[in-house]
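Asker: Sharing a structure, written as structure tokens. Questions coming.
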Amino acid sequence: MAQVEATTERVVAADAEKVFDALADYSGTRGRLLPQHFSEYEVREGGDGEGTLVHWKLQATSKRIRDCLLEVSEPTDGELVEKDRNSSMVTTWRVTPAGEGSSRVVVATTWQGAGGIGGFFEKTFAPKGLGRIYEALLANLATEVEK
């Protein structure tokens, strides 16, 4: 099994604290940011950053659906880490200042991929597909916080 990684970033015209607060607001803002690839969104514990437990289904392709149950932590300022209880998937969100009134948002997901030829295709194509999903989410985030 090989580790698979997908990373996407975007500069948003809003200060880092506002952007981070929007991402950490699982009981409010976060659900509105999710593109059509996400379904069955539900906050099961907490709802604001550290200590949140959130569920969703992620439909990466027409046949590939992940049932995700994510524990949220905040290991450092400006960072959210979502660890999936159902798999090896870990998603890290980092929000840093990017000049006056702007922020850089980087989302990186890693997981242990399949072995063999299936693993080759997963490592080759999954990061691109997940990147498109996160680009849509980050566009929704920008629309939300740049108001």
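The values are calculated or read from the model by the stated rules, or taken from the named source; none is laboratory data. Small disclaimer: the values here were computed from a predicted structure and weren't measured. Glycine also receives a Cβ, built like all others from the backbone with ideal geometry; neighbour counts cover every protein chain displayed. Remember, those area values only see protein heavy atoms, side chains included, never the ligands or the DNA or RNA. Shrake-Rupley method; radii C 1.70, N 1.55, O 1.52, S 1.80 Å.
Asker: Being without any contact (Cβ under 8 Å) to a residue 24 or more places away in the chain and either among the polar types (S, T, N, Q) or part of a strand (DSSP E or B) (or both) narrows it down to one of E9, E40, so name that one.
Answerer: Criteria check complete, one pass: E40.
Asker: So for segment 89-99 (the condition being of a type outside the set (F, W, Y), open to solvent by 40 Å² or more (accessible area, probe 1.4 Å) and at pLDDT below 95), does at least one residue qualify?
Answerer: Within segment 89-99 (the criterion being of a type outside the set (F, W, Y), open to solvent by 40 Å² or more (accessible area, probe 1.4 Å) and at pLDDT below 95), the answer is yes, since at least one residue qualifies.
Asker: Before we move on, is K57 assigned to a loop (DSSP other than H, G, I, E, B) and either open to solvent by 50 Å² or more (accessible area, probe 1.4 Å) or out of contact with any Leu (no Cβ under 6 Å at 6 or more places or on another chain) (or both)?
Answerer: In short, no.
Asker: So, one more: Among the residues in segment 119-142, are any in a strand (DSSP E or B) and either among the polar types (S, T, N, Q) or at pLDDT 95 or above (or both)?
Answerer: For segment 119-142, residues in a strand (DSSP E or B) and either among the polar types (S, T, N, Q) or at pLDDT 95 or above (or both): absent.
Asker: Right, another one. Among the residues of segment 58-67, is there at least one that is within 25 Å of G99 (Cβ to Cβ) and of a type in the set (S, T, Y)?
Answerer: no
Asker: Those residues that are polar (S, T, N, Q) and touching a Leu at 6+ places or on another chain (Cβ under 8 Å), I need them from segment 126-145; list them, please.
Answerer: Answer for segment 126-145, where residues must be polar (S, T, N, Q) and touching a Leu at 6+ places or on another chain (Cβ under 8 Å): just N140.
Asker: Could you check segment 71-91 and list, in sequence order, the residues that are touching a Leu at 6+ places or on another chain (Cβ under 7 Å) and either of a type outside the set (S, T, N, Q) or assigned to a strand (DSSP E or B) (or both)?
Answerer: Listed by number, the residues that qualify are E71, V72, E74, L80, E82, K83, D84, R85.
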